[in-house]
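Only one structure is covered here, and it is reproduced in the block below.
Read-outs throughout are calculated quantities, based only on the coordinates presented, and are distinct from any laboratory measurement. Every value quoted in this text rests on a predicted model; they were computed, and no experiment measured them. Cβ: placed from backbone, ideal geometry, glycine included. Neighbour counts: every protein chain shown.
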Amino acid sequence: MAIKVGDKLPAVTLTQATMDGPKPVSVDDFFKGRTVALFAVPGAFTPTCSARHLPGYVDQAETIKGKGVDVIACLSVNDAFVMKAWGESQSVGDDIIMLADGSGDFTRAVGLTMDATKFGMGQRSQRYSMIVKDGVVQELNVEEAGEFRVSSAEYLIDQLS
């Protein structure tokens, strides 16, 4: 069953690439005491994700943070090295934290997996965005298969108004 508004995020571990190598990131610690705009993509370097989804959040980072969001995070079922390289190629800088869900533990725990085996990608994350306050989901926007609308930065900004 998929996570819903009002639910607490699952206590799993993600990974973030740092200057010292991959670092485990506790979901409980990462979301504690702050407002996070989290968006998830099916895969780093994939067409819609690279041409529209991540760039939209990069372009709108200042506006999103100006509406009370402490952190913007991008999540994908990729490893931390891929997420780091993708973030660098998209010039995310410090505006967006790139989180790797390499084994898909978080994605499975929130019930938002997508079977992309017919594309040679295996189990991935659905495309979505959420606003999370102190670990609790306030808004959740899950795309229909093949769509890109409700998980966009612009849609999320409207929810923050």
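Rounded, prolate or oblate: which one fits the stretch 1-83, using the alpha carbon gyration tensor with axes a ≥ b ≥ c (rounded when a/c is under 1.5, else prolate when a/b beats b/c, else oblate)?
Numbers: a/c = 1.33, a/b = 1.06, b/c = 1.25.
In terms of gyration-tensor shape, rounded.
Take peptides 46-52, 88-94 and line them up by average Cβ neighbours within 10 Å, highest first, as a rough protection proxy.
Values: 46-52: 14.9, 88-94: 13.0.
Order by mean packing, descending: 46-52, 88-94.
Could you check the spin-label model distance between residue 155 and residue 139? Points 7 Å from the Cα along Cα→Cβ, value in nm. Using points 7 Å along Cα→Cβ, the separation is 1.1 nm.
Once you have a ≥ b ≥ c as the square roots of the Cα gyration tensor eigenvalues for the stretch 43-97, tell me rounded if a/c is under 1.5, and otherwise prolate or oblate according to whether a/b is larger than b/c. Since a/c reaches 1.5 and a/b is larger than b/c, the shape of the stretch 43-97 is classed as prolate. Rounded is the label for the stretch 23-161, because the ratio a/c of its alpha-carbon gyration tensor axes (a ≥ b ≥ c) stays below 1.5. Taking GluC sites (Glu not before Pro) across the stretch 101-151, the ones in a DSSP loop with at most 16 further Cβ atoms lying within 10 angstrom of their Cβ are 144, 147.
Under 8 Å for C-alpha pairs, at least 6 residues apart: give me the relative contact order for the chain, rounded to a whole percent. All intermediate terms of the calculation are to be shown ahead of the outcome.
Numbers: 332 pairs, mean separation 50.3, N = 161.
Relative contact order for the chain comes out at 31 percent.
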